[in-house]
1. Out of LYS211, LYS217, LYS194, report the one residue that is buried (at least 18 other Cβ atoms within 10 Å of the Cβ), of a type in the set (Lys, Arg) and outside any helix (DSSP H, G or I).
2. Give me the pairs: first residue in segment 202-226 and within 30 Å of ALA13 (Cβ to Cβ) and assigned by TED's automatic domain parsing to the domain that holds GLY181, second residue of a type in the set (Gly, Ala, Ser) and assigned to a strand (DSSP E or B), beta-carbon distance under 8 Å, and six or more apart or on different chains, which are they?
3. Out of segment 162-200, which residues are farther than 18 Å from LEU222 by Cα and touching an Asp or Glu at 6+ places or on another chain (Cβ under 7 Å)?
4. Quick check: anything in segment 82-92 assigned to a loop (DSSP other than H, G, I, E, B), of a type in the set (Val, Ile, Thr), assigned by TED's automatic domain parsing to the domain that holds HIS48 and under 27 Å from HIS20 (Cα atoms)?
5. Within segment 93-110, how many residues turn out to be surrounded by fewer than 18 Cβ atoms within 10 Å (Cβ to Cβ), assigned to a loop (DSSP other than H, G, I, E, B) and in contact (Cβ under 8 Å) with a residue 60 or more places away in the chain?
6. Need pairs with beta-carbon distance below 7 Å; first residue hydroxyl-bearing (Ser, Thr, Tyr) and within segment 172-190, second not in a loop (DSSP other than H, G, I, E, B); sequence gap 6+ or separate chains.
7. Scan segment 145-154 and tell me whether some residue there is on the phi > 0 side of the Ramachandran plot and at pLDDT below 90.
Amino acid sequence: MNDYDLAIQHNEAVNLACEHIGIQRTRSDAFFDGTLGKSLVKIVPFGHPLTPLDLEELKRELDARPDEDRPITLVCLGMELGALLWIGDWNRLRKGKDAVNRLVVIELRTDPKYGKFIKHEPARAKVKFARKSGKLLLEIEDFISPTIIERLQQQAGLLQHKIDDWRAMVDCVMIDPAYDGKVFNVALADVPEKKTDLVAGHYELPAPNGKTTVAVKIVDMLGEEVLVAQPI
């Protein structure tokens, strides 16, 4: 996984992190995401590492809550050196058993207890490509998203959740018949209109003249993308 390329929306990432760490969600708080023991928890958006700007935002929030004396746990994916120094200065002034708003960081790449969160097994797909009579013929033979399967298993508890059709894990399919390896130009998009509809899984479109590279982008229900490309 790219350190800052979690292919899921922030709300979904928050839910996953809370389940993984054991955070009790606080839906009524507009700033903090929940509690962990006696500590308030703020989950920093995973699209960037923890920065001093995030910490200044936290400070402003605490300044607006002068009676809030609980410790703060920050959950992040990566941390800038400036943030580490900022936290060191902050905690240096807050020592002893009566310390107010002392900061603790759970960094999900390196934390010895919670680091498993980013041991991510990527989704994968098997696609069959063919060219016939001026047409490109593509068939997605299989697709699997370990993240979705793990989520279903967590929700099912002791019951085993079975997915009979791989298409139930797929949000949409896009095809570029002349992929240059840099820019993905969508020539065909299979986006079901209803949540109950499924993608087709097999496609036919005009073939470019001469040799080309065909790319298929598959996006699962959590937003993770799989790109399969083949010269043809």
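1. Values: LYS211 fails: buried (at least 18 other Cβ atoms within 10 Å of the Cβ); LYS194 fails: buried (at least 18 other Cβ atoms within 10 Å of the Cβ).
Only one candidate qualifies: LYS217.
2. The qualifying pairs are ALA215/ALA229; VAL216/ALA125; VAL216/ALA229; ILE218/ALA125; VAL226/ALA125.
3. Residues satisfying the conditions are PHE184, ASN185, VAL186, ALA187, ALA200.
4. Applying the first criterion (assigned to a loop (DSSP other than H, G, I, E, B)) to segment 82-92 yields none.
No, every residue in segment 82-92 fails to be assigned to a loop (DSSP other than H, G, I, E, B), of a type in the set (Val, Ile, Thr), assigned by TED's automatic domain parsing to the domain that holds HIS48 and under 27 Å from HIS20 (Cα atoms).
5. Total meeting the criteria: 1.
6. Note: pairs meeting the criteria are TYR179/THR213; TYR179/VAL214; TYR179/ALA215; TYR179/ALA229.
7. The initial filter retains those residues of segment 145-154 that are on the phi > 0 side of the Ramachandran plot, namely none.
Looking for residues that are on the phi > 0 side of the Ramachandran plot and at pLDDT below 90, one finds none in segment 145-154, hence no.
The values are calculated or read from the model by the stated rules, or taken from the named source; none is laboratory data. From a predicted model like this one, the values you see are computed outputs, not experimental measurements. When we count neighbours, we look across all protein chains shown, and the Cβ atoms used for this are built from the backbone with ideal geometry, even at glycine.
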